[in-house]
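Down below is the structure, laid out as structure tokens.
Read-outs: derived from the displayed coordinates by stated rules, not from any lab. What you see is a predicted model; the values in this text were computed from it and never measured. Ideal geometry is used to build each Cβ from the backbone, glycine not excepted, and the neighbour counts take in all protein chains shown.
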Amino acid sequence: MPRISEIEGTPNPNALKFVLKEPLTWGIAHSYENAEQAKNDPLATELFEIDHVTNVFYVDRWITITQDGSANWADLAREVADPIRAAPAADKQSATTIATANTIISDLGPKDQLRLEKINNLLDEEIRPYLQGDGGDLHVVGLKDNVLSVHYQGACGTCPSSISGTLRAIENLLKSIESDIKVVAT
């Protein structure tokens, strides 16, 4: 059962990041924007049953909870802490399986698969650590011609700077390997 090590604020005032002593997963992110999406995830389902919770995102040793802005964080943090502490810790998983699952987007040819791998490597090195440090992440959901589609997760999903400044910064970084790439958020 994961114990909470610390609770951190994020750039999104409606999101808190709970850092855990034990992992909930091994490299597989779980991101839910509503209770319907979370219906097969016992932890997320229990969290969505708490008033004001609007988003649940977790991976490895942290979970980010986003609220609707009407709750007092001190009270809500105590309430969401119980299901987090009661959740089972992650089982060991194969790093190879996880890496493969994270890089394959259906219907990509070998050339585009190589492009995606380079893009993901750059995102892993230069972007994701900062987003994860702030209680969020991004997931590549598509690559078609020169357009890369990304989906923000956790605190980044509702943060105003994600859609403006962060998205432009990602696009500018990726232009270092593909000069005509455009990045869009879905």
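Results, tabulated for the structure shown:
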{"item": "GNM top mover of 152, 58, 130 - the chain, alpha-carbon springs below 10 Å", "result": "130"}
{"item": "Restricting region 1-69 to trypsin sites (Lys or Arg not before Pro) in coil, as DSSP defines it, with at most 13 other Cβ within 10 Å", "result": "3, 21, 39"}
{"item": "Nearest-20 debye value, region 1-85 charge dipole, Cβ charges on Lys, Arg, Asp, Glu", "result": "320 debye"}
{"item": "Rough spin-label spacing in nm, given labels placed 7 Å along Cα→Cβ, for residue 85 and residue 40", "result": "3.1 nm"}
{"item": "Rounded to 10°, Cα long-axis angle of helix 110-126 versus longest principal axis of the chain", "result": "50 degrees"}
{"item": "GNM top mover of 14, 34, 146 - the chain, alpha-carbon springs below 10 Å", "result": "146"}
{"item": "For residue 27, residues with placed amide H under 5 Å, excluding near neighbours", "result": "60"}
{"item": "C-alpha center-to-center spacing [region 108-186, region 1-58] in angstrom", "result": "22 Å"}
{"item": "Calculated FRET efficiency for the pair residue 7/residue 126, C-beta based, R₀ 22 Å, to 0.05", "result": "0.25"}
{"item": "FRET efficiency estimate (nearest 0.05) - Cβ-Cβ, residue 117 to residue 169, R0 30 angstrom", "result": "0.90"}
{"item": "Residues with amide H under 5 Å from that of residue 5, placed H, sequence gap 5 or more", "result": "19, 20, 21"}
{"item": "Extension gain (nm, one decimal) between residue 178 and residue 144, 0.36 nm per residue minus Cα-Cα", "result": "10.9 nm"}
{"item": "Under the Karplus curve 6.51 cos²θ - 1.76 cosθ + 1.60, θ = phi - 60°, whole-Hz ³J(HN,Hα) for region 138-155, x wherever Gly or Pro sits", "result": "9, 10, 6, 10, x, 9, 9, 6, 9, 10, 9, 9, 10, 10, 6, 10, x, 4"}
{"item": "Most mobile listed residue (113, 132, 67) in the chain, GNM with C-alpha springs under 10 Å", "result": "113"}
{"item": "Size of charge dipole - the chain - debye, nearest 20, with Cβ of Lys, Arg +1 and Asp, Glu -1, no other charges", "result": "400 debye"}
{"item": "Cβ-Cβ FRET estimate between residue 22 and residue 161, R0 fixed at 25 Å, reported to 0.05", "result": "0.20"}
{"item": "Filtered GluC sites (Glu not before Pro), region 15-84: DSSP coil and at most 11 other beta carbons within 10 Å", "result": "36, 49"}
{"item": "Straight-distance crosslink candidates among lysines, where the alpha carbon sits under 16 Å from residue 111 and sequence neighbours closer than 8 are dropped", "result": "144"}
